[in-house]
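S.K.: Supplied in structure tokens, the structure appears directly below.
Throughout, read-outs are computed from the coordinates displayed, never taken from laboratory work. All figures in this text were calculated on a predicted structure; none of them were measured in a lab. Neighbour counts are summed over all protein chains in view; Cβ atoms, including those assigned to glycine, are modelled from backbone coordinates with ideal geometry.
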């Protein structure tokens with residue numbers, strides 16, 4: 001009897017928390033089909049699925065352009081991060097060189113510096129190089145990451161050294177070794193880096209906000225933020241814009257949901 | 001020799017970027033914090049920026065808000081997540097479905113989540129005030145009342161922190177030693193006793209890890225404030241946080257030196273916190 005009461009309480013609690021988690025997104029989608037009058041009458045469900053808010057938002061701000069900018073910068077910075085990370089990891093795991101220990105120690109220290117402390121001076125650097133409002137400026141600082149180097153390092157350390165020695169005996173070059181053995185063997189680790197760095201790039205806000213003032217160079221997050229400030233209290237339009245910016249990443253999430261969750265768990269536990 | 005040359009060659013792409021965008025900006029932050037604020041004609045002024053920042057009542061407000069935010073969001077978020085994870089762990093069938101649902105907010109940008117909450121928390125036609133009305137609670141002015149601004153950010157922070165915590169805690173629960181539970185049910189321990197006496201002690205390392213990550217993330221909040229209050233830090237800077245203060249000094253009023261002095265202070269606070277936390281963790285694991 002007592003355990004039944006527990007079970008029922010647990011079910012009610014989970015249902016309630018699921019509602020609290022999902023409701024904001026469902027409501028966002030519903031409001032995007034509402035008129036202002038419908039919203040202020042506190043209706044929950046729109047009377048019809050009228051797309052006029054979408055037309056208006058896309059007419060006012062170039063969210064298509066922001067979307068393409070975001071895809072472009074997130075993809076490029078992910079690919080660049082993968083290249084720099086794999087090369088660096090290979091050097092750290094498979095090669096011994098003087099200064100390796102000191103270098104690793106410096107990198108561990110850098111790992112502790114919060115991004116927000118660095119981002120403002122990075123903005124000065126990019127501004128001085130005349131790279132404001134360019135894709136290069138948006139992408140460049142996120143083309144290498146101490147965090148992912150350490151993650152891939154810990155992943156590859158478990159891989160046996162004999163692979164490399166055997167490959168050397170057979171006469172494989174380092175590049176062949178990286179492409180044919182290292183990358184296939186560390187596929188789960190590389191997937192993790194790719195997924196997380198792509199999501200990071202997709203959601204980045206502070207950096208594009210600092211680096212761009214030309215509205216053509218905006219990404220989705222700072223584009224949405226700028227749009228919200230322009231439209232002040234026009235909530236149906238804001239929710240439409242929010243829906244437009246979140247739908248791609250939600251679809252991405254549902255396709256890769258298991259990989260994304262295990263990526264977050266792996267990088268979380270490893271640290 | 002050739003080998004080490006090769007190693008540095010392979011490391012160079014990553015190292016160049018890390019030096020330019022991690023190491024140098026750190027040095028520059030410290031350097032600028034001792035310089036007068038204008039960029040063109042700056043000169044060394046010693047600790048003046050630090051004194052200005054440390055005696056600025058707005059900075060006190062920012063540190064106070066950040067501390068209260070961390071003190072509220074981290075424990076409350078963690079307890080709710082722990083309850084959810086413990087219940088979900090008993091769900092055999094739909095465990096993964098619920099895990100996917102609860103994790104979803106984590107991958108959505110803070111700007112989007114903040115925009116939605118700006119509507120939900122609206123005084124006149126926000127759903128939250130509407131629901132509070134069912135219980136005869138007067139509408140709360142979440143967005144335009146300086147007394148409540150911090151609470152608003154805290155509510156949003158707790159809601160946003162659940163997904164990550166739940167997923168990490170669930171993975172911890174899945175790795176628990178099930179042997180103990182068999183023994184416990186033989187001894188007749190009920191669910192609650194099992195959780196308190198067996199599950200919780202085993203989860204302690206993961207909980208400590210989550211405490212650290214959540215605390216450090218709390219020290220860094222900025223986007224949350226910026227979006228919830230639509231480009232402000234609440235009425236009269238009432239919801240200002242440490243990073244928001246740095247942003248405001250640096251980007252809005254262009255007082256680089258003071259902004260960077262605040263950044264150095266924040267970094268020091270995070271560093272001290274991390275060291276203390278590491279000492280505690282070491283003690284816990286030794287036992």
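S.K.: Give me the orientation-averaged projected area of the Cα convex hull of segment A:25-124, in nm², one decimal.
M.R.: If I average the Cα hull's projected area over directions, I get 11.5 nm².
S.K.: Can you put B:273, B:21, B:102 in order of Cβ neighbours within 10 angstrom, beginning with the fewest?
M.R.: B:273, B:21, B:102
S.K.: Measuring from the lowest to the highest alpha carbon on each principal axis, how far does segment B:146-287 reach, largest first, in angstroms?
M.R.: 67, 31, 23
S.K.: Let me ask something else. Hey, got the Cα dimensions of segment A:119-271 along the principal axes, in Å, largest first?
M.R.: 67, 40, 25
S.K.: Using r as the Cβ-Cβ distance of residue A:110 and residue A:131, and R0 as 22 Å, what FRET efficiency do you calculate, to the nearest 0.05?
M.R.: Between residue A:110 and residue A:131 the formula returns 0.45.
S.K.: Continuing with the same structure: Would you mind estimating how fast segment A:79-118 diffuses translationally, via Stokes-Einstein at 25 °C and 0.890 mPa s with the Kirkwood radius over Cα pairs, in µm²/s?
M.R.: 211 µm²/s
S.K.: To the nearest 0.05, what FRET efficiency results for residue A:176 and residue B:8 with a Förster distance of 22 Å applied to their C-beta separation?
M.R.: The formula returns an efficiency of 0.60 here.
S.K.: Which three extents, in whole angstrom, do the alpha-carbon atoms of segment B:46-286 cover along their principal axes, largest first?
M.R.: 66, 49, 29
S.K.: Using every pair of alpha-carbon atoms in chain A, split the distances into 10 Å bins beginning at 0 and state the percent of pairs per bin, rounded to integers.
M.R.: Going from the shortest bin to the longest, the percentages are 6, 21, 26, 22, 15, 8, 2, 0.
S.K.: How large is the Kirkwood hydrodynamic radius of segment B:99-151, in angstrom, based on all distinct alpha carbon pairs?
M.R.: Evaluated over segment B:99-151, this radius sits at 12.4 Å.
S.K.: When Rg is the radius of gyration of the Cα atoms in the protein assembly as shown and Rh is its Kirkwood radius, what does Rg/Rh come to?
M.R.: 0.97
S.K.: What does the extension gain come out to for residue B:200 and residue B:71, with contour length at 0.36 nm per residue minus their alpha carbon separation?
M.R.: Length gained, residue B:200 through residue B:71: 44.3 nm.
S.K.: Shifting gears a bit: How do B:44-54, B:128-138 rank on mean C-beta neighbours within 10 Å, highest first?
M.R.: Highest-to-lowest ranking by the protection proxy: B:44-54, B:128-138.
S.K.: What does the structure give for B:159-169 when I average, per residue, the other chain Cβ atoms found within 10 Å of the residue Cβ? Intermediate results must be reported in sequence, preceding the final value.
M.R.: Numbers: counts 3, 0, 0, 3, 3, 3, 0, 2, 6, 4, 0.
For peptide B:159-169, the averaged partner shielding equals 2.
S.K.: Please find, in a Gaussian network model of chain B (springs between Cα atoms separated by less than 10 Å), the residue of B:204, B:266, B:162 whose mean-square fluctuation is greatest.
M.R.: Looking only at B:204, B:266, B:162, the biggest GNM fluctuation is shown by B:204.
S.K.: For chain A, what is the relative contact order in percent, using Cα pairs closer than 8 Å and at least 6 residues apart in sequence?
M.R.: Relative CO of chain A lands at 33 percent.
S.K.: Also, I was wondering about something else. At a Förster distance of 35 Å, what's the computed FRET efficiency of residue B:58 paired with residue A:252, Cβ-Cβ distance as r, to 0.05?
M.R.: 0.30
S.K.: With an 8 Å cut-off on Cα pairs and a minimum separation of 6 or more residues, tell me the relative contact order of chain B in percent.
M.R.: That works out to 29 percent.
S.K.: If Rh is defined by the Kirkwood formula over all Cα pairs and Rg also comes from Cα, what ratio Rg/Rh do you get for segment A:206-266?
M.R.: 1.10
S.K.: If you count, for every residue in B:73-86, the Cβ atoms of partner chains within 10 Å of its Cβ, what is the mean?
M.R.: The mean count of partner-chain Cβ atoms within 10 Å per residue comes to 1.
S.K.: Within 10 Å of each residue's Cβ, count the other Cβ atoms and sort A:135, B:256 from fewest upward.
M.R.: A:135, B:256
S.K.: Continuing with the same structure: Take the Cα atoms of segment B:64-203, build their convex hull, and give its volume per residue in Å³.
M.R.: So the per-residue hull volume is 150 Å³.
S.K.: Which of A:222, A:50, B:248 has the fewest other C-beta atoms within 10 Å, and how do the rest follow up to the most?
M.R.: Lowest count first: A:50, B:248, A:222.
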